[in-house]
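Working notes, beginning with the structure itself.
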Amino acid sequence: LTQGMEAESGRREQGKKIVLKPYVVNEMEYEASLPEKKSNTLSRDLIDYVQYMIQNHGENYKEMARDEKNYYQDTPKQIKRKINVYKNFYPEEYKDFIASLKQEKMDVQ
């Protein structure tokens, strides 16, 4: 046992690392060099939740918080934050959605 330990410490003193599987190291270095991917998508559940709230309550966040579909029991501020995230991620889709709501109100009247 002592002989094996001496041999190990002797290797370390030389400063050479013995790489048994260089392909693993190469693969890890390659993955580390890749640019970080940013996911610019929101879950379909969150989008449906936000659209439902806007459709039924407009901008009344207190009413949204009391809605039975507020499964997450979000506070008015949390709901407002989720809506703002949706606006920032999908500005075009948000504009189209608001326009379609205005169109529906015109059709009803």
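Bear in mind that the values in this text are calculations on the coordinates, not laboratory data. Computed from a predicted model, the values in this text were never measured in an experiment. All Cβ positions, even for glycine, are placed from backbone atoms using ideal geometry, and neighbour counts span all protein chains on display.
In nm, to one decimal, how far is the modelled label at His57 from the one at Val24, with both set 7 Å along Cα→Cβ?
In this crude spin-label approximation the distance works out to 5.2 nm.
Could you work out how far apart the two model spin labels at Asp96 and Lys80 are, taking each label as a point 7 Å from the Cα in the direction of the beta carbon, and quote it in nm?
2.9
So what is the diffusion coefficient of the range 44-107 in µm² per second by Stokes-Einstein at 37 °C and 0.692 mPa s, using a Kirkwood Rh over Cα pairs?
For the chosen part, D equals 274 µm²/s.
Scan the range 68-109 for chymotrypsin sites (Phe, Trp or Tyr not before Pro) in coil per DSSP, keeping those whose Cβ has at most 16 other Cβ atoms within 10 Å, and list them by number.
Tyr71, Tyr72
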